[in-house]
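The values are calculated or read from the model by the stated rules, or taken from the named source; none is laboratory data. Predicted model, so just to flag it, every value in this text is computed and none were measured. Cβ sites come from the backbone with ideal geometry, for glycine too, and all protein chains shown count toward neighbours. These accessible areas exclude ligands, DNA and RNA; they are computed on the full protein's heavy atoms, side chains included. Shrake-Rupley method; radii C 1.70, N 1.55, O 1.52, S 1.80 Å.
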Amino acid sequence: MKRLFLTVVAVLSMTMAFAENEKLNNAENANAYNMAVNYERLADCLGLSSDQAEAVQDVHTSFCADMMNAAAANADERENMVKKAVEKDLKYMRYILTESQYRKYLTLLNATFNNRGLGK
């Protein structure tokens, strides 16, 4: 009886440890997909006009929402959702930004993805 009790306690302990690690992984995963930025610094870095800055903020807010939806999705759907979110963001940014601003934005976005472990 004592062995059975110890076995049950050991199994429950391992299960709880696994569940805790799973929660930590999910939190880290959500943080990696959080693409919120300081829009004033982004506008300064890219040299945006006030109209461009407003449009970029609107597009990037939508991009942030798409990325958080991808973070909450199943692992098999996540990669495709991220790809679609990035394509949509870049399509709109291409329209808003000049060629040199767009190149800087691409550099910043690539660096962000690589720093968060999302780049390939």
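Looking at segment 75-93, which of its residues are surrounded by 14 or more Cβ atoms within 10 Å (Cβ to Cβ) and within 16 Å of A55 (Cβ to Cβ)? If you could, list the steps in order and put the result at the bottom.
Taking segment 75-93 first, the residues surrounded by 14 or more Cβ atoms within 10 Å (Cβ to Cβ) are 78, 81-82, 85-86, 88-90, 92-93.
Result: K88, D89, L90, Y92, M93.
Kindly evaluate S50 against the criterion of being open to solvent by less than 60 Å² (accessible area, probe 1.4 Å) and hydroxyl-bearing (S, T, Y).
no
Suppose the filter is modelled with pLDDT under 90, at negative phi and crowded, with 16+ Cβ neighbours inside 10 Å; does M16 pass it?
Criteria not met by M16.
State all residues of segment 60-74 that are surrounded by 17 or more Cβ atoms within 10 Å (Cβ to Cβ), among the aliphatic types (A, V, I, L, M) and free of Cβ contacts under 8 Å to residues at least 24 places away in the same chain; if no residue qualifies, say none.
none
Which of the numbered conditions does L24 fail, given that it passes all the others? Conditions: (1) open to solvent by less than 60 Å² (accessible area, probe 1.4 Å); (2) assigned to a helix (DSSP H, G or I); (3) of a type outside the set (S, T, Y); (4) at pLDDT below 85.
Exception for L24: condition (1).
Restricting attention to segment 42-75, which residues are assigned to a helix (DSSP H, G or I), farther than 16 Å from Y105 by Cα and touching a helix residue (DSSP H, G or I) at 6+ places or on another chain (Cβ under 6 Å)?
D66, M67, A70, A71
Being open to solvent by 60 Å² or more (accessible area, probe 1.4 Å) and not in a helix (DSSP H, G or I) is the filter; apply it to segment 94-120 and report the residue that is farthest from Y33 (Cα to Cα).
The selected residue is T98.
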